[in-house]
Every structure is written in structure tokens, then in C-alpha cells.
1. Output the Kirkwood hydrodynamic radius of segment 2-123, Cα pairs only, in Å rounded to one decimal.
2. Let me spell out the model: positive unit charges on the Cβ of Lys and Arg, negative unit charges on the Cβ of Asp and Glu, origin at the Cα centre of segment 21-90. What dipole size does that give, in debye rounded to 20?
3. In nm, give the distance between the simple-model label positions of Val131 and Arg9, each being 7 Å from the Cα along the Cα-to-Cβ direction.
4. If R₀ is 25 angstrom, what is the calculated FRET efficiency for the pair Ser2 and Arg24, using the beta carbon separation as r and rounding to 0.05?
5. I need to check one value: relative contact order of the chain, counting alpha carbon pairs closer than 8 Å and at least 6 residues apart, in percent.
6. Roughly what would the spin-label model give for Glu162 and Thr74, points 7 Å off Cα along C-beta, in nm?
7. Calculate the dipole size of the chain relative to its Cα centre from +1 charges on Lys and Arg beta carbons and -1 charges on Asp and Glu beta carbons; express the result in debye to the nearest 20.
8. I want to check the label-to-label distance for Leu154 and Gln54. Put each point 7 Å from Cα in the C-beta direction and report it in nm to one decimal.
Amino acid sequence: LSAVNTRLRHEVAARTEAESALRRQEEAYRDLYEHAPNVYWSTGADGYIKRMNQRAAEMFGRTPEEIVGQHFTTLIADTPENMARAMQTFNRFLAGEPSFGPEVEFRGANGRRIWASVNVVPILGDDGKPVATRTTIQDISERKRAQDALQRRLDLEQVLTEVATGFVSARPDDVDRE
């Protein structure tokens, strides 16, 4: 009886340690998900956001309660080209195809523009049809602003080059004298 009792204590101790290790691992994965530097969210096949991490709330300037349960299109900047790009990505998901890297403009709190690179991987149900997304969203707003500033500078340089070329190539007779 003593040997059985000792064996049971060891089994209980081992089981308790295994459960504790599992809890620590679950907490580590939850922390990784919740505090990741990028947005993680999951959208159902109906287009409604099912869950999201803390970074999503920070990026969009809204609470999780304000975002979860909303249709993903409520966060998309409503321009024809942008909405078409977002819907193309969503339709690929519905077809069971992943999308990596489309750039989509979102709207945050107070209409703040947020450019992001989006990755969407379908989660398939038992029937092989998409039931939800595994979505990561990386804020690329700073890069887009830098690209826009560079393009404005290149456009200005082009105009200045055209004006300078026209001025240098002008003949004295072309100059209006008053």
C-alpha cells in the first residue's frame, strides 16, 4: 500500500508540473499574440472581425470592443481603388488562397490615414472551406509618407529642369523686351 501511495504522489506531482508547464506555455503564446509589434486579427468568412490583439487597438485608436464584431470594411479607407484592393484580398481568402503584401489604406480614429501591408492566410474548416483568416497587418504609413515626399521632390525637380532648359535654350529674340 505504501508503494502504491508513493507512486500516486509521484504521478500527481508529475501531472501538476505538466499542467503548470502547459499554463506557462499558453501564457507565453498569449503574450506573444497580444503584444506583437504587428496587428494580428481574425475575420470570419462573413467579413466580421472575430478577434484581434492589443496592437490593433493601438494602431486604429479604438478599443477592442469597438473593433471586434465590426465588418472589416468599416476600417478600410473608402476610395474606389482602395476598397477594390481590400475586396480582392478578401475574395482570395474566400477562394481559399492566401495574400501576401497588398498595401491597403485604413482609417483610424478621427479619420487618421494608416497605410499597411496585409497578409491573409485562410483557416479551413473540416469541409475544406475557409472559415476565418489569420491576418497580420504591418503599419507602413511612415514609408508611404517618405515615398510621397520623394515623389513630390522628383516632380518639382522635373518642373525646375524643364523651366531651366527652356530658359537656357531661349534665343535673345524670344525674350520679350519692354
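No lab work stands behind these numbers, since they all come straight from the coordinates. If you're wondering where the values come from, they're calculated on a predicted model, not measured in any experiment. Here Cβ is always computed from backbone atoms with ideal geometry, including for glycine, and neighbour counts include all displayed protein chains.
1. For segment 2-123, the Kirkwood estimate is 16.9 Å.
2. The dipole of segment 21-90 has a size of about 200 debye.
3. About 4.5 nm, to one decimal.
4. After rounding to 0.05, the efficiency reads 0.15.
5. Relative contact order here is 16 percent.
6. Inter-label distance under the simple model: 4.6 nm.
7. 840
8. 4.0
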